[in-house]
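Taking it in order: structure first as structure tokens, then the write-up.
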Amino acid sequence: MSSDITSIVADSRIGGQRWDRMIFGHFIEHFHTQIYGGLYEPGSQLADDRGFRMDVIEALRELKTPIMRWPGGNYVSDHHWYEAIGLNRIPSYNKAWRVPEPNTFGTDEFIAWCREVGCEPYICTNGGNGTAEEMSNWVEYCNGRYETRYANQRRQNGNDRPFGVRYWGIGNESYGDWQIGAKTAAEWGPYVAESAKMMRAVDEDILLSAAAVPDSEWTMGLLRSAGRYLDLISIHGYWDHLSQVENPSDYMTAIMSCESPDRMIAETRNVIGAAGFTGKVKIAFDEWNLRGWHHPDGTGDDKIKARDLNDVPSTYTMADALFSASFFNACLRNADVVTMANVAPTVNTRGPLYAHKDGIVRRTTFHAMKMYVDHIRERMIDARVEGPRLGHGAKSVARVDAIVSKDGAGTTVTIVNRDPTAKADCRIMLDGQTLRGEFSVDILEGNSADAFNSVEKPNAVAPRRAVVQDKDEAFSIPPHALCMLHIPA
Ligand code: AHR
């Protein structure tokens, strides 16, 4: 086989792991214009009478959004849920993001918004300066069935029936000194155990996650103390670190991070196994994005204003789309242990959607996500991918990444060509047969590796349907492209 050919070998006659649609989940935070000016904009011509931007909601329905994690993120380590309910909302100062919080988009608004989108709510509680009691009282406010203090507050606020919030997280990145109320590894396990006990005492049917990292000291301690109360552990990944200086990495630098999600998942899987929780505790990769958010330290108006730099459209190129595709492939390859993932965030900042006063822009990552949501079939088939690597400086990644999925109607081979300039020739062997012939494909490529969508050019990058034919038993995938090749049963 020529050294330039990538070989994709899959056998659908063995196994077939089903995957959880929650891996196409989302995260939204009270940061910059994600909530106020993003999904919630009372008075906007594009909002309904509750202030929900309906264009944002319709786009999230296109993505079949399964779950939304809220209200943070760093924000939540200084958020008190009871300040954002009821008739008279008093603004509070959020010490995490160092700005006033109007508290007009609180629990009741979030639940109503999720119902409008058609997604599950996933509430991350304050594991910073919050307490186990505050967390469990939030569960009672949402899910309480009896005539008790917090359930009655929900009723007084117009919601007689329990919200039935199933997904709850304990804390956000409490391991990091950037968090208000950060904890040590020795403190975190017992704190989570107590919080989980109290939350489950209110509603034993909730699904619980807690902040973790692919690090044995922190996460082994967490699982030893609280693993018996948990359904998932939460890990986060951002690879282009831009919190202090906004200088987004170029295409090739960014692409060199494409294999890191696989490594993070493998490390976390190993810690879960070492702690004896294989099959019992799953992974929620509940914040991920190629680009870290820009939010320089400090309280000066210039530091707050600098957050606008997150919205420069040219930042979000085919690198973001192909990193996202590589991330989804990592989750799908590990569908036995990764049962949730949440792009961080959904709208504005680094999200797949950008909302402006006259409408929305579907960034390159939106189209990549939609292709996965629309075309990945119900079972993952083990696939072996072998081929040339793509180098940049001292780093390299496989030039082509691929996964294979199958259902009763057929098989889809999902191929990512990470090369910025060269097509990739791929030989596909399925169930012992070399694939030949003509097949329909969905392709996302843009006209260059640096192509992006903007308000002025919202469709510069958009998926297209085409037909490919093998040449000498190899299929040519264009450069910087995500390609889904469909093989009917
Ligand atoms: O930059 C955004 C922050 O990244 C989120 O609020 C936090 O969870 C993570 O550190």
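What ranking do 286-295, 148-157 get when scored by the average of other Cβ atoms within 10 Å per residue, highest first?
Put in order of decreasing packing, that is 286-295, 148-157.
Could you pull the Cα extents of segment 295-411 along its three principal axes, largest to smallest, in whole Å?
Each principal axis gives a Cα extent; for segment 295-411 these are 54, 39, 26 Å.
Evaluate Rg over Rh across segment 203-255, taking Cα atoms for both radii and Kirkwood's formula for Rh.
Checking Rg against Rh, the ratio lands at 1.20.
Under 19 Å from a point placed 7 Å out from the Cα of ILE14 along the Cα-to-Cβ direction: which residues of segment 360-379 have their backbone N that close?
Within reach of a label on ILE14: 379.
What is the set of long-range amide H partners of ILE477 at a cut-off below 5 Å, with H atoms built 1.01 Å from backbone N?
Correct list: ALA424, ASP425, CYS426.
For segment 20-375, what class follows from the C-alpha gyration tensor (a ≥ b ≥ c being the square roots of its eigenvalues): rounded when a/c is under 1.5, otherwise prolate if a/b is larger than b/c, else oblate?
Values: a/c = 1.41, a/b = 1.05, b/c = 1.34.
It comes out rounded by the Cα gyration axes.
Taking the Cβ-Cβ separation of TYR93 and ARG464 as r and a Förster radius of 56 Å, what is the calculated FRET efficiency to the nearest 0.05?
About 0.70, to the nearest 0.05.
Looking at segment 20-375, what % of its DSSP beta bridges pair antiparallel, to the nearest 5?
That works out to approximately 20 percent antiparallel.
Which value does Rg/Rh take for segment 1-138 over its C-alpha atoms, Rh per Kirkwood?
1.15
Describe numerically, in nm with one decimal, the distance between label points set 7 Å from Cα along Cα→Cβ at ASN270 and at ASP450.
Reported label-point gap for ASN270 and ASP450 is 3.8 nm.
Give me the angle, in degrees from 0 to 90, between the Cα long axis of helix 216-226 and the longest principal axis of the Cα atoms of the chain, rounded to the nearest 10.
With rounding to tens, the tilt is 50 degrees.
In nm, to one decimal, how far is the modelled label at GLU147 from the one at HIS375, with both set 7 Å along Cα→Cβ?
It works out to 5.8 nm between the two label points.
With everything on Cα atoms, drop me the angle between helix 260-274 and the longest principal axis of the chain, reported from 0 to 90° to the nearest 10.
On a 0 to 90 degree scale, this one is about 60.
For segment 417-425, what does the Karplus curve 6.51 cos²θ - 1.76 cosθ + 1.60, with θ = phi - 60°, yield as ³J(HN,Hα) per residue in whole Hz, taken in order and with x for Gly and Pro?
Result, ordered by residue: 9, 7, 5, x, 10, 10, 5, 10, 8 Hz.
Give me a comma-separated list of calculated 3J(HN,Hα) values for segment 148-161, in order, Karplus coefficients 6.51, -1.76, 1.60 applied at θ = phi - 60°, integers in Hz, x for any Gly or Pro.
10, 2, 7, 5, 5, 4, 4, 5, 4, 8, x, 10, 5, 7
So which lysines can LYS357 reach, going by Cα to Cα under 27 Å and dropping same-chain residues fewer than 8 places off?
LYS64, LYS303, LYS305, LYS370, LYS457
What ³J(HN,Hα) values, in whole Hz, does the Karplus curve 6.51 cos²θ - 1.76 cosθ + 1.60 give for segment 275-285 when θ = phi - 60°, with x put for Gly and Pro?
Working through the residues one at a time gives 7, x, 10, 4, x, 9, 10, 9, 9, 10, 7 Hz.
Given R₀ = 30 Å, what would the calculated FRET efficiency be for ALA186 paired with ASP297, taking r from the Cβ atoms and rounding to 0.05?
0.65
Need the C-alpha centroid separation for segment 299-331 versus segment 161-222, integer Å.
Result: 27 Å between the Cα centres.
Net charge within 14 Å of ARG89 by Cβ-Cβ distance, Lys/Arg positive one each and Asp/Glu negative one each, not counting ARG89 itself?
-4
A short reminder: the numbers here are calculations on the coordinates, not readings from a lab. Note that the structure is predicted; figures quoted are calculated from it, not measured. Every residue, glycine among them, receives a Cβ derived from its backbone with ideal geometry; neighbour counts consider all protein chains shown.
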